[in-house]
Each structure stands twice: as structure tokens, then as C-alpha cells.
Amino acid sequence: MTLRFDESQLRLELTAAPPSVRLAFAVACAERLFGGYQTFNQHAGKGDVPLVRDTLNKLWTIASLSGAYPDIDDTIVRLEFLLPAEEGDEWTSDFAVAENAIASLIFAAYVAKTGDTNSAMLSARRAYETADYLATLTTNAKSFTAELEASLLASPQVQKELESQQYDIALLAQSTIEDTISQSVEVVRSRAMSF
């Protein structure tokens, strides 16, 4: 069965989940994009890999321990400056992936700040859109058709991302006590880092 990005269902699941689950889910989406951000940094010589890695690590800690991130507003501003500008001839697929990686991380930071369901969902959407974009690069399509859309949705990249999102939200949502949440966050983190 081909999985789909079901925004309505995901929103329901995230709304029913506690803030730490929403945060862990959003950070997992951003984490899966980190490798693409590193590639962008290596190819373009732009960005701030240490800031992105440090932010991911802090958000994972907060998700696991339900802590606070005292300088979250400053970090969000610093991350916003990392969004690649769509200017000039240098725009490549690496830039698109980096943009989604940083946007996903910014949304995860907003979840840490406010617990916002919509930000968690938007982090997931950026991860899905990245997988879809990368699948598009493997085609020679000149125009977007229903057949192409179905093919992209069924692609290994897109299905792997959607499977990860479904697994993460299911595992995290089952976790109700603090010890279990911490263990589930660690499982999700490990899976996302090996993506």
C-alpha cells in the first residue's frame, strides 16, 4: 500500500499528543534533513553546520527531558538567517534541500517554544516535500501529470519518509509516562540520525 502525506490525520494525531511528543516528532523530521544540509554546506560553502547540529541536540534533550531552551528566540533568528536566498545562478538542488532543512528546524524550534501543533505539522511537511523534490530529480519529466505524481508518491524516498513519520508518531503517541517518553524519544532520535 502506498502511503500518502495526510495532513488532516497528522494534525489530529499531533493535536492529541502532549507537547513533548509534538516536539520529538518535529525534531525527527528536521534531523532526517540534516545530512542534506551538510551536503549543501560542503558544496556551497555556506551555512552553519555547528549551529544546526547544536540546535538539533538541544531540541532532542528538551523533547526527552521536557526541559526549557532559554535562548530559543535568539536561535530562531540565527536559523532564519541561514535560509538560502533564491538569487543568482548558484541555486541548485542542494539549496532547495537546505532551505527545507532549516525551515523544518525552525518549525521544530517553534514547537519547543510554544508546543504548537501546526509548527510540528509544517516540520513534517518540509521533510515530505524534500523527499518528493529529490524523487522529482530522478525523473526526466517535462511536465507534472497524474502519472508522475503517483510515481513520485510511490518512490522509495517518499515512502521511506512517510513510513518514518508514521512510525515516529505511533511510537511517541503510545508513550504516556515520562520514562517511556524518554525511551521512545531516544529510539526516534536514533532512527532519524541514521536516515
Given (1) touching a residue at least 12 places away in the same chain (Cβ under 8 Å); (2) part of a loop (DSSP other than H, G, I, E, B), where does Lys142 come up short, assuming only one miss?
-> (1)
Examine region 13-20 for a residue that is part of a loop (DSSP other than H, G, I, E, B) and either at pLDDT below 95 or of a type outside the set (A, V, I, L, M) (or both), and state whether such a residue exists.
-> yes
Counting only residues that are over 16 Å from Ala108 (Cβ atoms) and touching a Gly at 6+ places or on another chain (Cβ under 9 Å), region 3-50 contains a total of 3
Does Arg22 qualify as being of a type in the set (Lys, Arg) and surrounded by 14 or more Cβ atoms within 10 Å (Cβ to Cβ)?
-> yes
Condition test on Leu122, is it in contact (Cβ under 8 Å) with a residue 24 or more places away in the chain and either among the hydrophobic types (A, V, I, L, M, F, W, C) or not in a helix (DSSP H, G or I) (or both)?
-> no
When residues of region 158-195 are filtered for being within 14 Å of the chain's Cα centre (by Cα) and either of a type in the set (Asp, Glu) or crowded, with 17+ Cβ neighbours inside 10 Å (or both), how many remain?
-> 11
Only listed residue being part of a helix (DSSP H, G or I), among the aliphatic types (A, V, I, L, M) and loosely packed, with under 12 Cβ neighbours inside 10 Å, chosen from Ala150, Ala108 | Ala150
Those residues of region 153-192 which are farther than 22 Å from Lys58 by Cβ, in a helix (DSSP H, G or I) and of a type in the set (Gly, Ala, Ser), in sequence order | Ala154, Ala170, Ala173
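Please determine whether any residue of region 24-34 is aromatic (Phe, Trp, Tyr), over 17 Å from Arg191 (Cα atoms) and touching a residue at least 12 places away in the same chain (Cβ under 8 Å).
No: zero hits.
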Filter pass, Thr136 being out of contact with any Ser or Thr (no Cβ under 8 Å at 6 or more places or on another chain) and modelled with pLDDT under 90 = no
Identify, please: which residue in region 59-105 is free of Cβ contacts under 8 Å to residues at least 24 places away in the same chain and assigned to a helix (DSSP H, G or I) and is, among those, farthest from the chain's Cα centre (by Cα)?
-> Asp74
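Table: residues versus (1) in contact with a helix residue (DSSP H, G or I) (Cβ under 7 Å, 6 or more places away or on another chain); (2) farther than 20 Å from Leu10 by Cβ; (3) hydrophobic (A, V, I, L, M, F, W, C).
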| site | (1), (2), (3) |
| --- | --- |
| Glu129 | yes, no, no |
| Ala141 | yes, yes, yes |
| Leu148 | no, yes, yes |
| Leu152 | yes, no, yes |
| Ser155 | yes, no, no |
| Gln165 | yes, no, no |
| Glu186 | yes, yes, no |
By residue number, the members of region 40-58 that are part of a loop (DSSP other than H, G, I, E, B) and without any contact (Cβ under 8 Å) to a residue 12 or more places away in the chain are Gly45
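The values are calculated or read from the model by the stated rules, or taken from the named source; none is laboratory data. Bear in mind the structure is a predicted one, so any value in this text is a computation, not a measurement. Here Cβ is always computed from backbone atoms with ideal geometry, including for glycine, and neighbour counts include all displayed protein chains.
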